[in-house]
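So the structure is just underneath, and the comments pick up after that.
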Amino acid sequence: MARAKQPLHARDKLAFLLSLVPYLMDHDRVSVQTVADHFGVDAELIRESVRLIAISGIPGETAAYQHDDLFDIAWDDFEDNDQIVLTNMVAIDESPRFSGREAAALIAGLQYLSALPETVDRAALATLMAKLARGASALPTQVAVETAEADATLELVREAVEGERQLQFDYLNSRGELESRRVDPLRVESVDADWYLRGWCHLREAVRTFRIDRIGNPVLTDERISFHAGEVTLPDTLFEGSADDLSVTIDISPAALPLISDYIPAGAKLVPSRDALRTSIRVSHYHGLKRLVAGLPGMVTVVEPEEARQVVADWAAAALARYND
């Protein structure tokens with residue numbers, strides 16, 4: 001025998017109504033029984049709540065409720081077919097909405113998240129994207145985020161970390177040199193749009209950090225890892241300096257300082273210089289400055305040494321020449 005559903009108390013009924021309204025707004029047409037099954041209540045409670053919603057709204061300038069100030073439904077459908085169709089949603093229709101361009105940008109971001117291997121609830125993201133498209137003030141521009149080659153590599157790396165199996169791959173280091181590496185993968189981390197693998201490198205016999213998009217020809221081997229995360233020390237910072245690093249003096253906008261904190265060695269001074277801060281950073285090669293400068297346009301200036309300034313200047317001139325061509 002089915003157990004009778006308990007009546008809702010006043011506080012619970014208010015919470016229920018606040019949930020019911022957006023649910024109905026998300027469904028152009030829905031039966032009373034479907035709504036009752038969704039919320040786990042009696043169908044008669046849904047009918048009472050819909051009648052209550054129909055006399056709810058926000059009074060206009062006359063301080064008295066007019067027809068357009070209230071929720072309204074298709075009454076014939078409701079009374080004859082037990083179907084709920086909202087025909088007027090009062091102030092909600094006039095509330096600020098995302099523009100078509102804003103909604104398109106958010107949808108593109110959600111598509112990117114949906115494509116990541118670690119994203120589990122893709123159905124929830126799809127629902128959110130549909131709501132953004134319906135709720136925008138104009139039709140969002142159709143966008144699609146293409147899966148990059150690095151995404152497949154990232155998925156393989158995650159599989160190696162979870163399975164505790166060694167990875168063999170070619171790696172293009174910051175000096176532009178291609179080396180074959182065998183690594184015990186220990187952790188995957190991200191900084192901004194870039195993904196990194198941290199693991200024990202059998203070539204260097206030490207913990208190393210590898211940028212995923214610089215990994216080529218990755219192979220998941222049958223070899224179990226020799227070192228586990230609890231057996232080696234993973235530094236708190238993603239980028240660790242070495243004795244071979246080069247020191248470079250830069251001027252950087254204070255707002256951008258947190259973005260390069262891992263490059264600044266311990267004890268480095270921050271000296272005010274006009275509208276910027278002057279400090280020193282450590283890089284494995286002067287050519288690594290090119291990506292740093294490109295990622296912080298207008299916010300970082302290489303001061304010294306001259307060789308570092310020249311490397312960045314030549315790179316910028318070559319890029320400008322390609323635009324001119």
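Below are the figures for this structure:
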{"item": "Selection count, the range 299-325, where residues are in contact (Cβ under 8 Å) with a residue 24 or more places away in the chain and open to solvent by 60 Å² or more (accessible area, probe 1.4 Å)", "result": "4"}
{"item": "Answer residue from the range 257-281, given it is among the hydrophobic types (A, V, I, L, M, F, W, C) and buried (at least 17 other Cβ atoms within 10 Å of the Cβ) and is nearest to the chain's Cα centre (by Cα) among those", "result": "Leu259"}
{"item": "Residue satisfying all of: in the range 22-53; under 11 Å from Ile84 (Cβ atoms) and among the β-branched types (Val, Ile, Thr); modelled with the lowest pLDDT among these", "result": "Ile53"}
{"item": "Residue within the range 282-290 that is open to solvent by less than 60 Å² (accessible area, probe 1.4 Å), assigned to a helix (DSSP H, G or I), without any contact (Cβ under 8 Å) to a residue 40 or more places away in the chain and not hydroxyl-bearing (Ser, Thr, Tyr) present", "result": "yes"}
{"item": "Residues (part of a strand (DSSP E or B) and of a type in the set (Ser, Thr, Tyr)) located in the range 20-42", "result": "Ser31"}
{"item": "Qualifying residue in the range 222-244 (condition: closer than 30 Å to Pro305 by Cα, modelled with pLDDT of 85 or more and in a strand (DSSP E or B))", "result": "no"}
{"item": "Pairs where the first residue, in the range 208-219, is under 12 Å from Asp151 (Cβ atoms) and the second is open to solvent by 30 Å² or more (accessible area, probe 1.4 Å) and hydroxyl-bearing (Ser, Thr, Tyr), C-beta under 7 Å, 6+ apart", "result": "none"}
{"item": "Qualifying positions in the range 58-107 - basic (Lys, Arg) and either surrounded by 17 or more Cβ atoms within 10 Å (Cβ to Cβ) or at pLDDT 75 or above (or both)", "result": "Arg101"}
{"item": "Residue list for the range 207-223, filter: more than 29 Å from Ser261 (Cβ to Cβ) and in contact with a helix residue (DSSP H, G or I) (Cβ under 9 Å, 6 or more places away or on another chain)", "result": "Gly216, Pro218, Val219, Leu220, Thr221"}
{"item": "Residue selected from the range 164-206 under the condition within 24 Å of Pro258 (Cβ to Cβ) and β-branched (Val, Ile, Thr), by the criterion least open to solvent (accessible area, probe 1.4 Å)", "result": "Val188"}
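The values are calculated or read from the model by the stated rules, or taken from the named source; none is laboratory data. Given the structure is predicted, the values throughout are model-derived calculations rather than measurements. Every residue, glycine as well, gets a Cβ built from its backbone with ideal geometry; the counts of neighbours run over all protein chains shown. These accessible areas exclude ligands, DNA and RNA; they are computed on the full protein's heavy atoms, side chains included. Shrake-Rupley method; radii C 1.70, N 1.55, O 1.52, S 1.80 Å.
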